[in-house]
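One structure is given below, encoded as structure tokens.
The values are calculated or read from the model by the stated rules, or taken from the named source; none is laboratory data. Here the structure is a predicted model, which means the values were calculated and not measured. Cβ coordinates were reconstructed from backbone atoms using ideal geometry, including for glycine residues, and neighbour counts include every protein chain displayed. Side chains are part of the model used for accessible areas, which takes the heavy atoms of the whole protein and leaves out ligands, DNA and RNA. Shrake-Rupley method; radii C 1.70, N 1.55, O 1.52, S 1.80 Å.
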Amino acid sequence: QVQLVESGGGLVQAGASLRLSCAASGRTFSSYSMGWFRQAPGKEREFVARISWSGVSTYYSDSVKGRFTISRDNAKNTVYLQMNSLKPEDTAVYYCAATPFVGERDLRRYDYWGQGTQVTVSS
């Protein structure tokens, strides 16, 4: 069992940066791959980034590649999403999630989800 709590969202102007954090409880955090997803109003939840259990392997959606960086600190049971050069189209609720599978971008393969944190980017 893994419980996830996101934080770090907020309202920023275009071009600004934010760092989201996702704190996990449970002794097995380091055995899970972690992902960030987002959901804008009226749209489906979409994949943003994922990171392997070791932190060595990462993958990004085309829309955030080069601007966002996912990382994790297994000693702190925390995964991060550094978001730079934010755009209005990045506005969404951001969710972190955990999966026992490797290399997953399909949200249906993620077993545990946080409650989400709102990111709003004004133009």
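Any chance you could look up the accessible area of ASP62 with a 1.4 Å probe, heavy atoms only, rounded to 10 Å²?
Ignoring ligands and nucleic acids, ASP62 comes out at about 130 Å².
Per residue, how much accessible surface does the chain expose to a 1.4 Å probe? Answer in Å², no decimals.
Result: 52 Å² per residue.
Quick one: pull the percent of accessible area on the chain belonging to carbon and sulfur, 1.4 Å probe, ligands and nucleic acids left out.
Result for the chain: 47 percent of the exposed heavy-atom area is carbon or sulfur.
Given q = 0.19 Å⁻¹, what are the Debye log10 I(q)/I(0) values for region 16-58, with equal point scatterers placed on the Cα positions and solvent ignored?
Each listed q maps to, in turn, -0.75.
If you take the charge dipole of the chain about its Cα centre, with +1 on Lys and Arg Cβ and -1 on Asp and Glu Cβ, which of GLN39, VAL119, TYR60 is farthest toward its positive end?
TYR60
Accessible surface of TRP113 in the full protein assembly, 1.4 angstrom probe, to the nearest 10 Å²?
80
Which lysines have a Cα lying under 21 Å from the Cα of LYS65, excluding residues fewer than 8 positions away in the same chain?
LYS65 reaches LYS43, LYS87.
Can you work out D for region 1-90 in µm² s⁻¹ from Stokes-Einstein, where Rh is the Kirkwood radius over C-alpha pairs, the temperature is 4 °C and the viscosity is 1.567 mPa s?
95
Less than 12 Å Cβ to Cβ from ASP62, Lys/Arg counted +1 and Asp/Glu -1: what total charge do the surrounding residues give?
The answer is +2.
Calculate the dipole size of region 1-119 relative to its Cα centre from +1 charges on Lys and Arg beta carbons and -1 charges on Asp and Glu beta carbons; express the result in debye to the nearest 20.
Using Cβ point charges on Lys, Arg, Asp and Glu, region 1-119 gives about 140 debye.
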